[in-house]
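Quick one: the structure is below, and I'll ask about it shortly.
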Amino acid sequence: MDQGNREKAVALGVLLPLGDDKYEVPSPAMLRAAEEAVSRGVTIGAALTVVERLRSNSDAMARAFVRLFLDELWKPVRDSDERDERWPEVVEALERLRPVASETVVSVFRQSLSAEMQSAFERELERQAKRSASAEAHATPMSTGTIEPPAAR
């Protein structure tokens, strides 16, 4: 990995510098995903750019869930006379809802990714079909059974 990509990975929290040119990877799952993407031909720079965009979007999703938790779980307890007695209830609810939030994000993302992939490939197939149809329309069969280029007509 070149220095620019290494610095970007550190800035994104993908790598944590330990000193002596050694780094920790805080998310082994992300490392496995990156290795798979690179083995399929994705450049490290492109992968880091996507991580940067995902980080921004995931921060927004996290804020949405925190706001939901505060509004729906904490504020009613905070404003009650039983705040101290109900605090363990809030902590337990937050602990149980964290995985629910993660599952929700993954489910919504899977749906969005499937829809985006289908749409993108449909557009690409349409473009390919138009190119093929255009090439066929501009070609004229010659007596030898070969296709004559448009300029030679």
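Values quoted throughout were computed directly from the atomic coordinates according to the rules given, and no laboratory measurement underlies them. Just so we're clear, the structure is a prediction, and the values are computed from it rather than from any experiment. Cβ: placed from backbone, ideal geometry, glycine included. Neighbour counts: every protein chain shown.
Go through the residues of region 83-91 one by one and say whether even a single one is surrounded by 11 or more Cβ atoms within 10 Å (Cβ to Cβ), within 29 Å of residue 10 (Cβ to Cβ), in contact with a helix residue (DSSP H, G or I) (Cβ under 9 Å, 6 or more places away or on another chain) and β-branched (Val, Ile, Thr).
First pass over region 83-91, keeping only residues surrounded by 11 or more Cβ atoms within 10 Å (Cβ to Cβ): 83, 86-87, 89-91.
Filter once more, keeping what is within 29 Å of residue 10 (Cβ to Cβ): none.
No, region 83-91 contains no residue that is surrounded by 11 or more Cβ atoms within 10 Å (Cβ to Cβ), within 29 Å of residue 10 (Cβ to Cβ), in contact with a helix residue (DSSP H, G or I) (Cβ under 9 Å, 6 or more places away or on another chain) and β-branched (Val, Ile, Thr).
Sticking with this structure for a sec: So how many residues does region 92-106 have that are farther than 24 Å from residue 55 by Cβ and touching a helix residue (DSSP H, G or I) at 6+ places or on another chain (Cβ under 7 Å)?
1
Are there any pairs with C-beta distances below 7 angstrom linking a residue in region 88-102 that is over 14 Å from residue 61 (Cβ atoms) to a residue that is among the β-branched types (Val, Ile, Thr) and part of a helix (DSSP H, G or I), with the two at least 6 apart or on different chains, and if so which?
Qualifying pairs under 7 Å: 90/77.
Another one. Scan region 37-47 and tell me whether some residue there is of a type in the set (A, V, I, L, M) and touching a residue at least 12 places away in the same chain (Cβ under 8 Å).
Here is the first cut: in region 37-47, the residues of a type in the set (A, V, I, L, M) are 37-38, 42, 44, 46-47.
This time we only want the ones that are touching a residue at least 12 places away in the same chain (Cβ under 8 Å), so: 44, 47.
Yes; the residues of region 37-47 include at least one that is of a type in the set (A, V, I, L, M) and touching a residue at least 12 places away in the same chain (Cβ under 8 Å).
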